[in-house]
Structures are given as C-alpha cells and as structure tokens.
Amino acid sequence: MFSFEDLKAASGIEFQPIDINGDAGALFDRAQIADAARLLKEKFGFVQFMDVVGHDRNERKMRFEVTYNLRNPTSFERIFIKVRCDERDSHVPSLAPIWSGANWAEREAFDMLGIVFDGHPDLRRMYLPDEFAYYPLRKDFPLMGIPGSIPLPSTEGADAQFDIKGQNV
Amino acid sequence: MDLSDAVQSEGFVTSKLDDIVNWARKNALWPMPLGISCCAIEMMAFAGPRYDVSRFGSEVFRFSPRQSDLLIVAGTVTYKMAKVVRKIYDQMPDPKWVIAMGACTSSGGMYRTYAVVQGINQFLPVDVYIAGCPPRPDSVLKALMMIQDEVAHDKPFKRGTIIDMTDDKPLIQIATPNIITPAHV
C-alpha cells in the first residue's frame, strides 16, 4: 500500500497530505513536483497517467491549482498529486516529459486557464482559436465572452481575410 | 391542354425564359450537407428512402461545395467553425441558397456561451430557418419547398447587365447578386 510518507522517506521531498474522496493526495511545492513525479513513476510504479485538471480556486493567493491523477496498474492504486501557482506567476513545471499522456491534457489546461507549463514540448492552444486572447474557464471570464474578441467572417462577398495566401479561392 | 399533350401534339411548348430557368433550378437543388452536429442525423433521414427528398430533385448530396446549390447548415456553429462555413459558402457557385437548420444554427440554441455563434445570420445570408432541436425531416422538406418557391419566383434575367468576358467575343453574363460574376469564373 503506497503512502506519501514512503516518498518522503526515499527522497526527502516535503508534501501536504490531502484526502480526495478516500484516495491519497498530496500537494507539492512547485520546485519539487517534477522530482516527486519522476520518483513516483520510476520507483513506486505509477506509470499510468490518467488525467490532469486545472482549477481556478478564485482566491487571492495561489489562485491556480493543477491536479494530476495517477494510477499504478499492478497494485491498482490511484493517487492525486497537486501543485499550485499564483496568478501573477502562473508557471508550473510540465510533467509531459515524464508521462507523454500529459501533453494534450496540459495544453487544454493552458488553453482554458492560462497556466503555463514550463518544459512542455508544444504549448499551444488546444480548442480555442490561436488569436484568442482570453482564458475562458477563469472565474472572472464572462459567460458570453468579450464581444468582438473572436472575428467573424464578413457577410458581404468572398472575404479576403480568410483566403489562402491572398489568392481568390 | 396540359403540358404533355402540348409536347406530344405540337412537339414544342412556349414559355418564358425565366420560367424555364427557374423550373430547371428549383427541381435540381443539389444540397451541400454541412452536418456539424446532431441535426445531421435528421438531415440524413431527410435524404433517406422514408422521407425521400429525391421527390423534389434534391437527392444528390454533393460533398463538394463547387457542385452544389443549396447549403444546409445542420448543427452548432462555433466561432472557430464559422470561418469554415463561410469558406464553403464562398466556394459554392452562384446562384446559391442557405438553410439554417435547427435551433443552434439559427440562434445559438441552448449553447449560450462565448464559443458558439448566436445565429449564422451574423456571417451568412440565410434564406430559410428551421425551428426544432433537432427538426424533424418533414420540416427540412418544408424548408426545401420554401426554397423552391423562392427560386420559382426569382427573376434571373430581369436585373441583368452585360459584361465582356473575353477580348474579342462578348459573352452575356447576368450579374445579379444571384448569378455568376467574373470573379467566380
């Protein structure tokens, strides 16, 4: 049975325990989560990456939180590791180099909340248009968006804006 | 004396050019099926044997905008998709007609969010809107018949002007908003 105390004993990485509906969870410091994640994968067998979720906690300090959902397929254990960051410095280390499954999931968290994953191989927007300047899952984003923030094609004639290389398509 | 009697006895009929062109157009409206979400399932039923749109000459679903006359936008149009929808519309040759099928397409429907265009009339000229979520195939047939009615009362040769298409040989082109223009040739 895995416990985060084992991880602490093996590496000395500090954590703050969190119970997530009966599953073990731990909040790590931003500087140490990558080391902890690597150990969890290589030494404790959490090789299966399930998901990564970003949250807007709507608080002044440590506004954003990222939760990684991990699973050990041999012992059937599931754990959650978390990391938080401030709004002004919304950077957390990417775990995509450790679990490649985190690649698109972290892109989605970046797309929706603007959390920047340092070391991510391809941090682009996932769903929204590239020119979109806002992060819609933040709590201060209005439901109907910012009017005019995404351009629509014109109603009159073939719109040159959307032609390929200026050719008449 | 009806039409077939006239053809059989006289061998010809007289009519107006407008009417002949409109008759041909309205009975061969080839749809461009732009099935973006669940309305597309009802659109398939509309084309299938039970509702049988081939009774109206529209059974030829062209998956190329270059060969179609009628754009059926069937589904939720997001802002990202709006550019694609508009591009497909622009690629269709004139004359062309647009059906906005379903609540999402017509007004955003239940998707009252930042990501969904609240009605495709914001970037497309729409001829017929269909209510429903999704509409029944009967409603799509009704919309098609309304388009046919619109086509039948069109006056394709009334607003025409003559444009020189080549250097030596002037071609007659009718530059109504509905008909071909040099930019599309």
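Points worth noting:
- Selected residue [at pLDDT below 85 and touching a Ser or Thr at 6+ places or on another chain (Cβ under 8 Å)] from B:P170, B:P177, B:P182, B:P156: B:P156
- Only one entry in A:F64, A:F76 is surrounded by fewer than 17 Cβ atoms within 10 Å (Cβ to Cβ) and either modelled with pLDDT of 90 or more or among the hydrophobic types (A, V, I, L, M, F, W, C) (or both), namely A:F76.
- Verdict on A:N103 being among the polar types (S, T, N, Q) and closer than 30 Å to A:P142 by Cα: yes
- Test for B:D90: is it part of a helix (DSSP H, G or I) and free of Cβ contacts under 8 Å to residues at least 40 places away in the same chain: yes
- Exclusive hit being closer than 16 Å to B:F46 by Cα, touching a residue at least 24 places away in the same chain (Cβ under 8 Å), in a strand (DSSP E or B) and in contact with a strand residue (DSSP E or B) (Cβ under 6 Å, 6 or more places away or on another chain), set B:A100, B:A143: B:A100
- Selection count, the stretch B:37-86, where residues are among the small types (G, A, S) and in a helix (DSSP H, G or I): 5
- Residues (under 14 Å from B:L124 (Cβ atoms) and either among the small types (G, A, S) or within 14 Å of chain A (Cβ to nearest Cβ) (or both)) located in the stretch B:95-107: B:K96, B:V98, B:A100, B:S106, B:S107
- Of the residues A:I150, A:I164, the single one that is surrounded by 12 or more Cβ atoms within 10 Å (Cβ to Cβ) and either at pLDDT 60 or above or of a type in the set (A, V, I, L, M, F, W, C) (or both) is A:I150.
Residues checked against (1) surrounded by 13 or more Cβ atoms within 10 Å (Cβ to Cβ); (2) more than 14 Å from chain B (Cβ to nearest Cβ); (3) under 22 Å from A:A26 (Cβ atoms); (4) in contact (Cβ under 8 Å) with a residue 24 or more places away in the chain:
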| residue | (1), (2), (3), (4) |
| --- | --- |
| A:Y68 | yes, yes, yes, yes |
| A:I81 | yes, yes, yes, yes |
| A:R84 | yes, yes, yes, yes |
| A:S90 | yes, yes, yes, yes |
| A:I98 | yes, yes, yes, yes |
| A:R107 | yes, yes, no, no |
| A:G114 | yes, yes, no, yes |
| A:P121 | no, yes, no, yes |
| A:P136 | yes, no, no, yes |
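- Members of the stretch B:120-140 found to be within 11 Å of another protein chain (Cβ to nearest Cβ), outside any helix (DSSP H, G or I) and in contact with a strand residue (DSSP E or B) (Cβ under 9 Å, 6 or more places away or on another chain), listed by number: B:L124, B:P125, B:V126
- Just one of the listed residues (B:R62, B:R55, B:R112) is within 15 Å of B:M32 (Cα to Cα), basic (K, R) and without any contact (Cβ under 8 Å) to a residue 60 or more places away in the chain, namely B:R62.
- Condition check for A:R84: among the basic types (K, R), within 18 Å of A:A37 (Cβ to Cβ) and more than 9 Å from the chain's Cα centre (by Cα): yes
The values are calculated or read from the model by the stated rules, or taken from the named source; none is laboratory data. Small disclaimer: the values here were computed from a predicted structure and weren't measured. FYI the Cβ positions are ideal-geometry reconstructions off the backbone, even for glycines, and counts take in every protein chain you see.
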